[in-house]
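The values are calculated or read from the model by the stated rules, or taken from the named source; none is laboratory data. Source: prediction; values computed, not measured. FYI the Cβ positions are ideal-geometry reconstructions off the backbone, even for glycines, and counts take in every protein chain you see. The protein model used for the area step is the full one, side chains on, heavy atoms only, and it has no ligands, DNA or RNA in it. Shrake-Rupley method; radii C 1.70, N 1.55, O 1.52, S 1.80 Å.
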There are 4 protein chains.
Amino acid sequence: MSKGRLEAFSDGVIAILITIMVLELKVPSGSDWAALRPILPTFLTYVLSFVVIGIYWTNHHHMLHVTERINGKILWANLHLLFWLSLVTFVTGWLGENISAPLPAAVYGIVLLLAALAWKILQNAILALEGPESKLAAAIGDDVKGNVSLMLYIAALPLAFVRAWIAEAIYAAVALMWLVPDRRIERHEKHSSVRSR
Amino acid sequence: MSKGRLEAFSDGVIAILITIMVLELKVPSGSDWAALRPILPTFLTYVLSFVVIGIYWTNHHHMLHVTERINGKILWANLHLLFWLSLVTFVTGWLGENISAPLPAAVYGIVLLLAALAWKILQNAILALEGPESKLAAAIGDDVKGNVSLMLYIAALPLAFVRAWIAEAIYAAVALMWLVPDRRIERHEKHSSVRSR
Amino acid sequence: MSKGRLEAFSDGVIAILITIMVLELKVPSGSDWAALRPILPTFLTYVLSFVVIGIYWTNHHHMLHVTERINGKILWANLHLLFWLSLVTFVTGWLGENISAPLPAAVYGIVLLLAALAWKILQNAILALEGPESKLAAAIGDDVKGNVSLMLYIAALPLAFVRAWIAEAIYAAVALMWLVPDRRIERHEKHSSVRSR
Amino acid sequence: MSKGRLEAFSDGVIAILITIMVLELKVPSGSDWAALRPILPTFLTYVLSFVVIGIYWTNHHHMLHVTERINGKILWANLHLLFWLSLVTFVTGWLGENISAPLPAAVYGIVLLLAALAWKILQNAILALEGPESKLAAAIGDDVKGNVSLMLYIAALPLAFVRAWIAEAIYAAVALMWLVPDRRIERHEKHSSVRSR
């Protein structure tokens, strides 16, 4: 089974998700600075969610790049990931309008946590097919970043009820951790192409 | 005529349909549990519709994978299917806001029924071109799952007017029946590649 | 310059246009037949516009299929076509809410007319590059269908101010005329592949 | 790393951006000319933004066409560009409703300026990988158009607070400057293919 349509469909869904979030930035009712101010928290939440979904897209790009075969299980693990990512749109809108409320901050984190778990499931489904000797297995290694992300998201849940901004700072920190270029797969690629010369 | 653009366009439309449904999940007006509660039925309907459209996408993926040629008739049978799938978005929003009302439950089922019929028409248009000896014909066989789905959707229509939840349970059951991995085409693929060795 | 991205981008835009029109079908406020009734004109307009855009997509598919090269001029002629198609979304919503008013019926026709002219411009830009001996030139011939469509759209404009439904009937008739399978390019393809054997 | 998915994802996002702007054209509440009038400024802003995003798409098409390799840095420079382009949707809606107010005109220009800077960053990231002897470097040359655009956008900022229409005229002028066919890359392509014969 070819991976072409899986990539194309995922590209489509992720492109739409990252784009329709901007519809939550409602046109302000006035035309001065005062009218722009209430949009600021929604804008900041939009930036965070844009980066989070951008990270998923680049990681999806890297992972599928070194994947050679797919099967029906992987199709559904991928749809499961897209489902949780689709809810990022919804919780971004809710958090943007209630930036200092604990529940929206916690629910935003739950959606990020479930998306991260869905990523793990997808990664494991691909690893099961590719095998432990695959390029992907070598590139992922013990997946420290993935596991630290999961733990931070779990830690953020109770902290959201202490202060919403603590949870929000954690979500931003996880995103920054991933933004720092993750060259595991690229580096591995280069090494193997060096070795194969 | 190449099938590449048919796949790409269908991927695009299905990706958009599965994604814009999330726009029906309106941002709640409050920031506590009470504000989330009224969204629950819309959320559950969203989950069901996401799974239904996901099933159509994976089946479309499988069917086109073993299709070798297309023609103008298939292009239109495909657009006809996409038309009914596009209405899933609309009926999902309506059912989500009226989860226990008979008419929205029945109309939701009518749209699923017409989408299932459109699928049959598309399948037959492809079979007519590929011929009875094709891989696709072997993979579909007598299409028990497809026919059972049609009968269940028809049975749900009057039952929606008895109790809406009976019809809704039937729609969920049909979705679950398809979620159970349908390896007909994958299995057939494997067999033929074994045989051809 | 390869035509791959032109096709992919057009597929994307057309897929979105054909899909977001369904957002004009607002969720009814009630849950009975009376609540569905006011949506009927919007639904019918949606069906018409879905078919019109579907026709453009299949024709685009056929035309680009026999196109071998593109240039910057074709990119912009294509964007120009997409611009008018994007307005179909807007006029569909307006006509749906004012099905018997002359101005929305006329404006709907103006947008269809300008889209049809944009199609002619795109077709001519491709023909200029491909040359009069090309497969495309042979397939188009004297383009009777295209010219009749233009004339009917022009005729519909004043008639919309007599009775809106006359104009609407003309738009539906033009769509039906195109729905009748247009096998010019397919037939030509078959002939040439026969000849080339 | 292959550029296929970068192109596909960018096509998807740009296709969505150019299309969802049309959702800002709200269906008028009446059905006569008076109802259409208030939409005129939004329509004109839509035309401008459609052209601006169309220019980015065709330039993206040209630039990636002569790009041979990509890396993780380019993926993120591309996402950064898409982020600012996504805000064009938002500022188009705001400017359309406040066509003669200075702040929306200035903010529209800021978003165009930041998108233009993001383009420069993407271009430089690709040039750094392709090297100064690459086809891309030859095609870009000293990038007069890009630099003039940046300067005009900066000049428009204070002028928006003098008269909004001055800034708007500048934005339209920059768009026209790019619409005049920019055959640098096409021309270079032709030359090299001539030379390589």
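Of the residues making up the stretch A:141-159, those that are in a helix (DSSP H, G or I) and either farther than 21 Å from A:LEU82 by Cα or open to solvent by 30 Å² or more (accessible area, probe 1.4 Å) (or both) are A:VAL144, A:LYS145, A:ASN147, A:VAL148, A:MET151, A:LEU152, A:ILE154, A:ALA155, A:ALA156, A:LEU157, A:PRO158, A:LEU159.
Considering only the stretch C:5-41, state which residues are surrounded by 17 or more Cβ atoms within 10 Å (Cβ to Cβ) and of a type in the set (Phe, Trp, Tyr). Hit for the stretch C:5-41 is C:PHE9, nothing else.
Could we say that C:ILE121 is open to solvent by 30 Å² or more (accessible area, probe 1.4 Å), within 21 Å of D:HIS61 (Cβ to Cβ) and in a helix (DSSP H, G or I) here? Against the criterion (open to solvent by 30 Å² or more (accessible area, probe 1.4 Å), within 21 Å of D:HIS61 (Cβ to Cβ) and in a helix (DSSP H, G or I)), C:ILE121 qualifies. Annotation note: Cβ proximity below 7 Å between a residue of the stretch D:23-37 that is in contact (Cβ under 8 Å) with a residue 12 or more places away in the chain and a residue that is among the hydroxyl-bearing types (Ser, Thr, Tyr) and in a helix (DSSP H, G or I) (sequence gap 6+ or interchain) occurs for D:GLU24/D:THR42; D:GLU24/D:TYR46; D:GLU24/D:THR92; D:LEU25/D:THR42; D:LEU25/D:TYR46. Which number in (1) of a type in the set (A, V, I, L, M); (2) open to solvent by 20 Å² or more (accessible area, probe 1.4 Å); (3) under 21 Å from A:LEU114 (Cα atoms) marks the one condition that A:LEU44 misses? All conditions are met except number (3).
A single entry from D:LEU95, D:LEU79, D:LEU48, D:LEU36 fulfils the requirement of being facing chain A (nearest Cβ under 10 Å), within 29 Å of C:GLY96 (Cβ to Cβ), among the aliphatic types (A, V, I, L, M) and in a helix (DSSP H, G or I): D:LEU95.
For D:PHE43, indicate whether it is away from chain A (no Cβ under 12 Å) and either in a helix (DSSP H, G or I) or under 14 Å from the mean Cα position of the chain (by Cα) (or both). It is true that D:PHE43 is away from chain A (no Cβ under 12 Å) and either in a helix (DSSP H, G or I) or under 14 Å from the mean Cα position of the chain (by Cα) (or both). Of the residues examined, B:THR58 is not one that is β-branched (Val, Ile, Thr), assigned to a helix (DSSP H, G or I) and in contact (Cβ under 8 Å) with a residue 24 or more places away in the chain. Scanning the stretch C:98-113 for residues that are away from chain D (no Cβ under 13 Å) and open to solvent by less than 10 Å² (accessible area, probe 1.4 Å) returns C:GLY109, C:LEU112.
Only residues that are touching a Ser or Thr at 6+ places or on another chain (Cβ under 8 Å) and either under 21 Å from D:VAL47 (Cβ atoms) or surrounded by fewer than 20 Cβ atoms within 10 Å (Cβ to Cβ) (or both) were counted across the stretch D:69-88, and they come to 4.
Selection of the stretch A:53-68 for residues being open to solvent by less than 10 Å² (accessible area, probe 1.4 Å), within 17 Å of the chain's Cα centre (by Cα) and of a type outside the set (Ser, Thr, Tyr) yields A:ILE53, A:GLY54, A:TRP57, A:HIS60, A:HIS61, A:MET63, A:LEU64. Could you tell me whether D:GLU130 is open to solvent by 20 Å² or more (accessible area, probe 1.4 Å) and over 30 Å from A:ALA35 (Cβ atoms)? In short, yes. Just one of (1) facing chain C (nearest Cβ under 8 Å); (2) under 26 Å from C:ILE70 (Cβ atoms); (3) not in a helix (DSSP H, G or I) fails for D:ARG69. It is (1).
Of all residue pairs spaced 6 or more apart or on separate chains, those with beta-carbon atoms under 8 Å, a first member in the stretch B:89-113 that is more than 20 Å from B:LEU152 (Cβ to Cβ) and a second member that is of a type in the set (Phe, Trp, Tyr) and open to solvent by 10 Å² or more (accessible area, probe 1.4 Å) are B:GLY96/B:PHE43; B:SER100/B:TRP165. Could we say that D:ALA116 is more than 9 Å from chain A (Cβ to nearest Cβ), free of Cβ contacts under 8 Å to residues at least 60 places away in the same chain, more than 19 Å from D:TRP178 (Cβ to Cβ) and not polar (S, T, N, Q) here? In short, no.
Counting the residues of the stretch B:132-157 that are touching a residue at least 40 places away in the same chain (Cβ under 8 Å) and in contact with a Phe, Trp or Tyr (Cβ under 9 Å, 6 or more places away or on another chain) gives 2.
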